[in-house]
Amino acid sequence: MQSIDWFFVAAYFALLIAIVWWSSRKIKTSTDYFLAGRDISWFVVGCSLLASNIGSEHIVGLAGNGASSGMAMAHWELHAWIMLMLGWVFVPFYYRSGVFTMPEFLERRFNSATRWVLSIVSLVAYVFTKVSVTVYAGAVVFRTLLPDTFGSPENAFWVGALTTVILTGIYTIFGGLRAVVYTEVAQTGLLLFGSVFITIFGLSQLGGWGELQTIASENARSFALWRPLSDPDFPWLGVMIASPVVGIWYWCTDQYIVQRTLAARSLRDARRGAIFGGFLKVLPVFIFLIPGMIGYALHQKGIIAIPAKADGTMDGDMVFPTMVASLLPAGLRGIVVAGLISALMSSLASLFNSCATLFTVDIYEKLRPGKSEAHLVTVGRFATGVVVVFGILWIPIMPMVSQGGLYQYLQSVQGYLAPPITAVFLLGLFCKRINARGALAGLTIGFILGMLKLLIQVLVGGNVLTGPAFLVWFGEFNFLYASGLLFAVSVVIVIVASLTSPQQSDEEITGLTYSAITPEQKAENRASWGMLEVGGTIGVLVLVVGIYLYFSFWL
């Protein structure tokens with residue numbers, strides 16, 4: 001890092017401070033703090049959706065998987081079509097109900113018990129899938145790019161982790177969701193601009209796209225988009241089953257993501273923002289996954305040297321930071337580093353604000369109703385601070401999280417958390433016979449089964465559990481098939497448990513399922529879209545299909 005690099009990093013932080021100062025002056029009510037006053041345009045919604053999704057763990061982990069397993073993880077990055085489901089299928093119900101959180105929506109559809117369960121499950125999920133992984137990935141970037149700045153690579157790791165967690169916490173506490181989403185607009189542009197140059201410089205050093213195809217073809221079994229059923233990690237059938245389940249949970253029911261659409265100034269802006277986010281969502285394949293494969297090819301040709309793990313294999317999570325340090329010139333390196341820092345901070349900020357919203361609206365306000373707006377904002381800020389402390393406490397545990405690759409770890413954990421939540425939301429929207437007993441049974445039993453599978457998998461993988469044979473088999477059972485099986489079990493539990501208790505009355509579920517929409521609500525929904533939304537939807541679908549077709553036959 002040279003002076004010009006530090007200049008760009010400093011300029012980014014100056015912009016960040018200005019946005020936070022402007023945002024903090026507009027906070028008067030809890031709606032201002034948690035939903036940015038419900039006054040966000042579709043462009044900001046779309047940028048915020050991508051920036052919340054693309055954190056440093058995404059950049060570092062996805063590039064690492066590109067280097068180690070080629071296009072296997074592209075299926076999760078082509079979920080743009082699921083973002084269309086968010087805009088067309090889910091958002092009309094969420095936005096029209098005027099809720100702050102997803103658990104609050106479940107209470108309206110079912111009862112307060114389901115709200116409590118989803119709130120607690122969501123907070124636990126954020127700890128397992130976001131705090132630890134996000135902060136660790138950002139610290140890895142600091143350790144690689146600034147190895148001697150703070151005395152040693154280890155010092156750089158800790159300084160980077162602590163600094164980003166604390167600074168992100170401060171601006172989230174003072175600025176609320178408005179500061180989060182508007183900084184994410186700047187972060188999206190910076191991240192995309194910087195990352196594109198990694199691809200350009202990498203291909204230039206490698207000798208072009210043809211050379212990448214040649215090297216990938218030599219190891220086609222590991223780099224292909226579709227893998228045979230015998231593949232131990234990514235069999236094509238497992239991918240087709242599990243990927244949509246995780247995608248629907250993440251993009252259509254997770255507070256961390258959906259909160260952006262709830263902050264839109266109109267239903268039209270919420271839907272249009274989701275469609276615009278779908279266009280942006282296909283970009284990670286080209287600016288993170290493919291650079292990972294380029295990094296592998298450069299390493300094979302001896303152009304760059306990617307550090308090895310203790311077992312001698314290439315450390316995939318070091319691919320992207322090594323490419324930044326080795327390939328980019330001064331100045332451009334600073335822009336990319338600023339982009340990496342912004343990615344880390346945007347994901348953390350979204351996480352902190354979502355956790356504060358869940359705690360304040362779904363837990364605190366339920367326990368102590370009737371508090372003033374100013375009091376709720378104060379509680380939200382305090383809750384954000386508590387989450388920041390948890391983020392710091394997780395730092396010593398983060399190195400253990402990285403074993404096996406950050407991104408694959410992330411998808412594995414999400415594969416066990418997602419199925420029961422996806423089942424409850426889908427059945428709840430499309431079947432009015434599903435009731436509170438079914439939803440509660442599906443959420444609780446599904447969550448317990450998922451966490452049991454995760455625990456046994458970790459124990460078996462760490463050679464802590466070596467018997468009996470059935471448990472070892474269960475721990476080693478492919479996470480993709482396990483996710484699909486858990487979804488099927490959750491669906492059965494929800495349906496069977498619902499049939500053991502009376503159906504809810506039509507008055508209780510009016511406007512909360514597709515079969516209980518009033519004529520006025522249908523008219524409102526129809527007025528919120530036109531040819532622009534239809535054309536954008538078709539464009540996203542064509543883009544996704546085109547990418548699938550190309551990479552299905554590229555080797």
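The values are calculated or read from the model by the stated rules, or taken from the named source; none is laboratory data. Keep in mind that what you see is a predicted model, and the values were worked out from it rather than measured. Neighbour counts are summed over all protein chains in view; Cβ atoms, including those assigned to glycine, are modelled from backbone coordinates with ideal geometry.
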- Task: Tell me which of these Tyr250 doesn't satisfy, since it passes every other one: (1) under 18 Å from Leu283 (Cβ atoms); (2) without any contact (Cβ under 8 Å) to a residue 60 or more places away in the chain; (3) not acidic (Asp, Glu).
- Result: (2)
- When only residues in segment 362-393 that are of a type in the set (A, V, I, L, M), crowded, with 18+ Cβ neighbours inside 10 Å and within 22 Å of the chain's Cα centre (by Cα) count, which is modelled with the highest pLDDT? Ala383
- Message: Can you say whether Phe34 is aromatic (Phe, Trp, Tyr), farther than 23 Å from Met323 by Cα and modelled with pLDDT of 80 or more, as far as the supplied structure shows?
- Response: no
- Message: On the basis of being under 31 Å from the mean Cα position of the chain (by Cα), surrounded by 15 or more Cβ atoms within 10 Å (Cβ to Cβ) and under 30 Å from Phe286 (Cβ atoms), does Leu459 make the cut?
- Response: no
- Residue identified as surrounded by fewer than 22 Cβ atoms within 10 Å (Cβ to Cβ) and either touching a residue at least 40 places away in the same chain (Cβ under 8 Å) or of a type in the set (Ser, Thr, Tyr) (or both) among Val60, Val44, Val121: Val121
- Message: Condition first: more than 22 Å from Ile173 (Cβ to Cβ) and part of a helix (DSSP H, G or I). Now tell me which residues in segment 31-46 satisfy that.
- Response: Trp42, Phe43, Val45, Gly46
- Provide a single number: the residues in segment 438-470 that are among the aromatic types (Phe, Trp, Tyr) and touching a residue at least 24 places away in the same chain (Cβ under 8 Å). 1
- Query: Within the bounds of segment 476-492, is there any residue that is under 17 Å from Gly428 (Cβ atoms), loosely packed, with under 15 Cβ neighbours inside 10 Å, acidic (Asp, Glu) and free of Cβ contacts under 8 Å to residues at least 24 places away in the same chain?
  - Reply: no
- Query: What is the residue count in segment 466-504 for residues that are in contact with a helix residue (DSSP H, G or I) (Cβ under 6 Å, 6 or more places away or on another chain), under 15 Å from Asp233 (Cα atoms) and assigned to a loop (DSSP other than H, G, I, E, B)?
  - Reply: 1
- Tell me, please, whether a residue that is touching an Asp or Glu at 6+ places or on another chain (Cβ under 8 Å), assigned to a helix (DSSP H, G or I) and surrounded by 19 or more Cβ atoms within 10 Å (Cβ to Cβ) can be found in segment 65-79. yes
- Message: Between a residue in segment 223-240 that is among the charged types (D, E, K, R) and any residue that is surrounded by 17 or more Cβ atoms within 10 Å (Cβ to Cβ) and at pLDDT below 85, which pairs come within a Cβ distance under 6 Å, given they are 6 or more apart or on different chains?
- Response: Arg227/Phe234
- Item | Condition met for Leu555 (modelled with pLDDT under 90, surrounded by 17 or more Cβ atoms within 10 Å (Cβ to Cβ), over 16 Å from Val285 (Cβ atoms) and of a type in the set (A, V, I, L, M, F, W, C)) | no
